[in-house]
Amino acid sequence: MDEHNIQDDDKDREALAGLSSVPPPQRKMHSYSQQLRANSAHKRHHQVRKHSLDDIPKPSDHYYNNEDSSDDDIFARNSNNASGEDYIITHSQRLDQNLSLDSGCPPDDSRNFQPLPEFIGAGGTNGIFKVPMRATVHPRRPPCLELRPHPLRETQVGKFLRNIACTDKQLWAGQESGVRFWRFQDAYQPGLGTKVRRGDEDAAPFQESGNTAPTICLLVDSANRLVWSGHKDGKIRSWKMDHAADEPSPFKEGLSWQAHRGSVLSIVMSSYGDLWSGGEGGVIKIWPWESIEKSLSLRPEEKHMAALLVERSFIDLRSQVTVNGNCSISSSDIKCLVSDRVRAKVWCAQPLSFSLWDARTKELLKVFNIEGQTENRVDMPSSDQGGAVEDEMKVKFVSSSKKEKSGGFLQRSRNAIMGAADAVRRVATRGAGAFAEDNKRTEALVLAADGTIWSGCTNGLLVQWDGSGVRLQDVSHHPCAVQCFCAFGARIYVGYVSGMVQVMDLEGNLVAGWMAHNGPVIKLAAGDGYIFSLATHGGIRGWSISSPGPIDSLLRTDLAEKEPIYSRQDNVRMLVGTWNVGQGRASQEALMSWLGSVVSDVGIVVVGLQEVEMGAGFLAMSAAKETVGLEGSSIGHWWLDTIGKALDENTTFERMGSRQLAGLLVSLW
């Protein structure tokens, strides 16, 4: 037995000795790494990739082909051809060996820290990683005016911008607590710094109104030097355009009145000077100019009388086209109103239908759907009322049954599930094909210079209509939902939910396109030679009306030459830590021992926590919150506060942002 074992051992040694030391064929891999110390066990001697403006591919003057959703990070597309800059890892070069520490280097010596050369392989197809490019201007979009840089989300609570509109000298913005405006002459002035709310330190100087209900829509009335705003509380307010630069802020509103029971979703001025407003439930009201003019002429102390005068003068168009409880227009919310002043018509867009009105006689001319087919269908509010009565009876019945007998937890759960299923059934059967047409819902409407109307849908479809509501053509240049339009001269600008901005001619041909923001573009406005774009995060950028063109290359070259004037490089050390807390809570001493001992040597701290809170109920609630834009939990806030105490928040560190996705919590300090 021993001899057999010895023979087997000898055979194994011979087999191992016979293995070739030559590494297998080289394989190209997609990877990045960062070396912890320069004198690692296995050093790399490849050429370091250098980034310069000379290596940046020059974009076409006609189209900025950019499908990357990044905003401030600049990336370049990878090439399929392997070159001297393609770095290769073989099986003999393990990544963990490259990241190992040299025992000969003292642990407290940080001067030898430097990054590994960046490497990328083709792998037979397009590379999946993209090397960041260091450049003064984004190489795949025109140079822009940063009127308001992207603010941190935490700084915008209660101040999110929702709309913009341009006058001849100002850019107005509607926010969740009023309105504000920038003067074009101050667009290149430095920000106000600590004199303004956090998040606006780097924005161009602006003036702000007093607090009001959230502003939903804006309308510029150049003839009367006024800006009209529609608000969530159902009021319409007016603001003077002409404000002195030294006028104290916040400035006050002018004429205001209660226009709708719900939110004012859209306002427009007709060719006859009447103010049209659209609200929830398909309600359209007209406010005659005669009453508005008389109210504006009253003294400030007669403000209450002026409001009453306008409130009592409205014309309810929905009631005019309702006969025996049957209405000719949909009961869906009004998406937008557009005034065709040449033909004296007003377009009203709802999610799945359009209505065309005569601006002089206030008569309904036509109702048609998104396919261009004339609709003879009528809305029956009585059925909705019947449904409401039915729901009320169910509520009363459930309430009475609860009083009589609770029925236990299982019975109450069954009742809740049955009620939810019944509600889904009623919504699904409300209209035939409602869900099938959901991806064709109208989101935006604009009047072009040639008199045609363009509408944008949630599936990215752009539809062109003539002045009478006849569908001419439809085009699609981007698969994402359309959010807004802006017409200027012979061009039509389109903003998408992906952050893309595209430029079309009057025939619908694509002229240019670029990634304007890293979030949805919710509004576009033209003024002072720029097309201003507003993103959901509150950032505002101005794009020259001459872009794309030769001026872009000149600006890019000029900015590159002057880079040392307006840019600087800083070396920042970061501490990144993760912890699976297992639904527990740490003591202050544990956090101090984890973070407090090393934070004195770093400038940025990133903390990631796992399993902050678990359970099916919590996960379901988190998913529900995310659908309405809410996030976080009480336990998550407890962790943020506790980590802030360990980091000496507001003295040594400041919380820059945090995100919680169910049980995962990431914070940056």
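With 23 Å as the limit on Cα-Cα distance, the pairs of LYS195/LYS252; LYS240/LYS362; LYS235/LYS303; LYS159/LYS195 that go past it are LYS240/LYS362. Along segment 506-517 the Karplus relation, 6.51 cos²θ - 1.76 cosθ + 1.60 evaluated at θ = phi - 60°, assigns HN-Hα couplings of 5, 8, x, 7, 6, 9, 7, x, 7, 7, 7, 9 Hz to successive residues, with x for each Gly and Pro. With all projection directions averaged, the alpha carbon convex hull of segment 200-334 covers 9.9 nm².
Full extension of the chain between THR361 and GLU611 yields a length gain of 83.6 nm, computed as 0.36 nm times the residue separation minus the alpha carbon distance. Placing one equal scatterer on every Cα of segment 437-546 and applying the Debye formula, the log10 ratio I(q)/I(0) at q = 0.17, 0.24 Å⁻¹ is -0.72, -1.41. Is the C-alpha gyration tensor of segment 539-618 telling us rounded, prolate or oblate? Criteria: a/c under 1.5 is rounded; beyond that, a/b larger than b/c is prolate, otherwise oblate. Oblate shape, in that a/c is at least 1.5 and b/c is the bigger or equal ratio.
Each part gets one Cα centre, and for segment 178-240 versus segment 286-306 those centres are 23 Å apart. Restricting the trypsin sites (Lys or Arg not before Pro) of segment 519-622 to loop positions (DSSP other than H, G, I, E, B) with no more than 16 neighbouring Cβ atoms within 10 Å leaves LYS562, ARG568, ARG573, ARG585. The alpha carbon centroids of segment 579-597 and segment 312-356 are separated by 60 Å. Remark: segment 140-153, residue by residue, has Karplus-estimated 3J(HN,Hα) of 10, 7, x, x, 10, 9, 7, 5, 9, x, 3, x, 5, 4 Hz, where x stands for each Gly or Pro and the curve is 6.51 cos²θ - 1.76 cosθ + 1.60 at θ = phi - 60°.
A short reminder: the numbers here are calculations on the coordinates, not readings from a lab. A quick note: this is a predicted structure, and the numbers were derived from the prediction, not measured. All Cβ positions, glycine included, derive from the backbone under ideal geometry; neighbour counts span all protein chains shown.
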